[in-house]
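Everything below concerns the one structure shown next.
The values are calculated or read from the model by the stated rules, or taken from the named source; none is laboratory data. Being a predicted model, the structure only gives us computed values, none of them experimental. Neighbour counts run over all protein chains shown; Cβ positions are idealised from the backbone, glycine included.
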Amino acid sequence: MRAMAKSPDNTADGSSQTRDRSRHKRADDAKSLVMTVIGELVDGGKAEWGRTAGGDIELRLLTGEVFLLGELFVIRVA
């Protein structure tokens with residue numbers, strides 16, 4: 001059986017940790033932007049939102065689309 005090549009270990013210089021922090025910051029920034037825009041839709045009367053029993057956010061657009069907004073996902077329900 002062949003041994004698989006191992007990824008280089010970058011933890012000694014911290015570059016791997018820096019990339020992880022950068023990736024998480026971009027994800028947080030994107031999520032914040034999406035939530036801001038959704039809030040504007042709600043404030044403008046173009047959508048309504050509320051919590052489901054499971055704790056997710058249900059977003060209902062006045063055009064009929066329904067979405068579940070979880071911590072790590074968005075699902076279009078209708």
Condition set among the basic types (Lys, Arg) and at pLDDT below 95, scope segment 3-50, selection surrounded by the most Cβ atoms within 10 Å (Cβ to Cβ): answer is Lys31
Pair list, Cβ < 8 Å and 6+ apart or interchain, from segment 59-76 residues that are at positive phi to residues that are surrounded by fewer than 16 Cβ atoms within 10 Å (Cβ to Cβ) and not in a strand (DSSP E or B)
Gly64/Ala78
Collect the residues in segment 50-62 that are over 17 Å from the mean Cα position of the chain (by Cα) and assigned to a strand (DSSP E or B), keeping them in residue-number order.
Gly50, Arg60, Leu61
Within segment 33-59, track down each residue that is of a type in the set (D, E, K, R) and either in contact with a helix residue (DSSP H, G or I) (Cβ under 7 Å, 6 or more places away or on another chain) or closer than 16 Å to Leu72 by Cα (or both).
Glu48, Arg51, Asp56, Glu58
